[in-house]
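Novice: My questions all concern the structure below.
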Amino acid sequence: MGTRWIVFDFGGVICVPPSDAASEALAGVVGVTAAQLWPAYWPDRIDYDAGTLDAAGFWHGVCARLGRPTPDAAGLGRLVAADLAVWMDMNQDTLDLLAELAESAGEAHPGLALLSNAPSEMARHIEAQDWSGLFRHRVFSADLGLAKPDARIYLHLCERLDARPDQLLFIDDRPENLTAARALGIESLHYTDTPTLRADLARFGITAAASSHL
């Protein structure tokens, strides 16, 4: 049996990396510049994504590294909202492709699934988006206490999809996530842009139907 599921990452595939304007907007809520923010933002992000650190703990660490005061409840709410916004600049080319693939999905065509490193706030926000309904299954790191590239998250995905690793085709922009998936026998494609992804999918005999698009 060939590919039964096409599994998409979210960040860097369905959404584009944060723009300069979005980065400065988030940094402004913290009270620093974007150049100052990002080095302080990343050290604890994997723990936040995995749900082993909550929003308060994550932003406490970011602010401590920047010498900024610990946010109160209102300030934390503003930070969480701004953080969600910075990751919601959507890649319309990918959304169009997803709509086409979903239209083609059926007994003879692979279904769509989402596997994303996302804290619980982001997971729930993604689920509320109209395009999220294109996926028959959505798996988020914070809901499992695991994050890519931990092998266990891919094994959970296989169980969730009732599929063997060799029946999945995984798409991600981060090489370390692809390497971990391939080590388990999951065929994986490195996302760089959507035209290239269309060509890569065609090599697997997967072509998208014409669609009205989102």
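The values are calculated or read from the model by the stated rules, or taken from the named source; none is laboratory data. Keep in mind the model is a prediction, meaning the values are calculated, not measured. Every residue, glycine as well, gets a Cβ built from its backbone with ideal geometry; the counts of neighbours run over all protein chains shown. Just so you know, the surface numbers come from the protein's heavy atoms only, side chains and all, with ligands and any DNA or RNA stripped out. Shrake-Rupley method; radii C 1.70, N 1.55, O 1.52, S 1.80 Å.
Novice: For a quick check of your reading of the model, give me the residue pairs whose first member lies in region 121-141 and is at negative phi and open to solvent by 40 Å² or more (accessible area, probe 1.4 Å), whose second is acidic (Asp, Glu) and assigned to a helix (DSSP H, G or I), with beta-carbon atoms closer than 7 Å and at least 6 apart or on different chains.
Specialist: 138/127
Novice: Restricting attention to helices (runs of 4 or more DSSP H) lying wholly within region 61-176, give those where 1 or more residues are modelled with pLDDT under 95.
Specialist: 92-104
Novice: Same structure, new question: Can you tell me which residues in region 58-69 are under 24 Å from residue 141 (Cα atoms) and either in contact (Cβ under 8 Å) with a residue 24 or more places away in the chain or open to solvent by less than 70 Å² (accessible area, probe 1.4 Å) (or both)?
Specialist: Correct list: 58, 59, 61, 62, 63.
Novice: May I ask you to list the residues in region 34-57 that are out of contact with any Leu (no Cβ under 9 Å at 6 or more places or on another chain) and either surrounded by 19 or more Cβ atoms within 10 Å (Cβ to Cβ) or not in a helix (DSSP H, G or I) (or both)?
Specialist: 42, 43, 48, 49, 52, 53, 54
Novice: Restricting to region 2-17, give me the number of residues that are touching a helix residue (DSSP H, G or I) at 6+ places or on another chain (Cβ under 8 Å) and either open to solvent by 50 Å² or more (accessible area, probe 1.4 Å) or modelled with pLDDT under 95 (or both).
Specialist: Count: 3.
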